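This report refers to the structure that appears directly beneath it.
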Amino acid sequence: MDRREAVLRELNLYPLWVQRAERAVEVVPVVEAVVSTVGVERVVGPAQTPSHVVNEDKVENGEGEVSVELNWPELKQKVRDCTECKLRAGCTQTVFGVGDEKADWLFVGEGPGADEDAQGEPFVGKAGQLLDNMLLAIKLKRGSKVYIANIVKCRPPANRAPEADEISSCLPYLQNQIALIQPKVIVAMGKTAATALLGKNATLGSLRSILHDYQGTPLIVTFHPAYLLRSPSEKAKAWQDLCLATDTMQQL
């Protein structure tokens, strides 16, 4: 079994059957049928400010707080020293993010787990292995034109979902990362990532298969890899989301 077949099997996408009249299926098909069957919705991201910001050097004006963006070294130090919420006291270290700091692709998850807390890098456990396979399936790899981050930088106790105040404290760091990276496409993995970035409370099912807009950047919602490990039957739907993301990137 070659690597391509192994990845497709991992994603529950092998064997791939096509009609004789159709073109051959590649590892990264531009699935026109997927795009044609989904709607296009423009959803503006969180309404704190009209630009990506970080909670630093706040200036009060008539419309609320405006914050000054930090550069990479300043932002990394700020995250390392952060004690804005209760999560920092219970984790080993902050997990800032990893990858190409000028990436075309940004993948955003929920928060660090035990492996990530120990190693200081997002998605290094079993969910990370699946994410690597998902990237490979669309001809991407960690660190090359790809950046990976989470909504919160510290591990929630017992891997619970981050609470609203924890997300509110940590989200400006991710917003600053987005402003620095300037990705062409954002993929939000899981409900927590999707609702935090889009600034709306909705089900994951209602947010999938739609091309969203995060402050001018196309955003696609898909399942979190950890969920796919528990529910492998949903991997085919995740593949559809990746195809939508790939098609979006190719049209930019």
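The values are calculated or read from the model by the stated rules, or taken from the named source; none is laboratory data. Just so we're clear, the structure is a prediction, and the values are computed from it rather than from any experiment. Because the Cβ atoms are built from the backbone with ideal geometry, glycine has one as well, and the counts that use them run over all protein chains shown.
What to note about this one:
- Of all residues in region 125-183, those being among the charged types (D, E, K, R) and touching a residue at least 40 places away in the same chain (Cβ under 8 Å) number 8.
- Test: residue 119 is polar (S, T, N, Q), at pLDDT 95 or above and either more than 26 Å from residue 172 (Cα to Cα) or crowded, with 21+ Cβ neighbours inside 10 Å (or both): no
Per-residue answers, yes or no, for (1) within 17 Å of residue 136 (Cα to Cα); (2) without any contact (Cβ under 8 Å) to a residue 40 or more places away in the chain; (3) under 15 Å from the mean Cα position of the chain (by Cα):
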| residue | (1), (2), (3) |
| --- | --- |
| 185 | yes, no, yes |
| 189 | yes, no, yes |
| 195 | no, yes, yes |
| 198 | no, no, yes |
| 206 | no, yes, no |
| 231 | no, yes, no |
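- Among the residues of region 139-179, the one identified as part of a loop (DSSP other than H, G, I, E, B), at positive phi and small (Gly, Ala, Ser) is 143.
- Lone qualifier among 98, 59, 53 - being of a type in the set (A, V, I, L, M), farther than 15 Å from residue 169 by Cα and at pLDDT below 95: 59
- Applying the condition of being among the hydroxyl-bearing types (Ser, Thr, Tyr) and not in a loop (DSSP other than H, G, I, E, B) to region 180-232 and asking which residue is nearest to residue 96 (Cα to Cα) yields 192.
- Of all residues in region 153-186 being of a type in the set (Lys, Arg) and buried (at least 16 other Cβ atoms within 10 Å of the Cβ), the one that is farthest from residue 114 (Cα to Cα): 153
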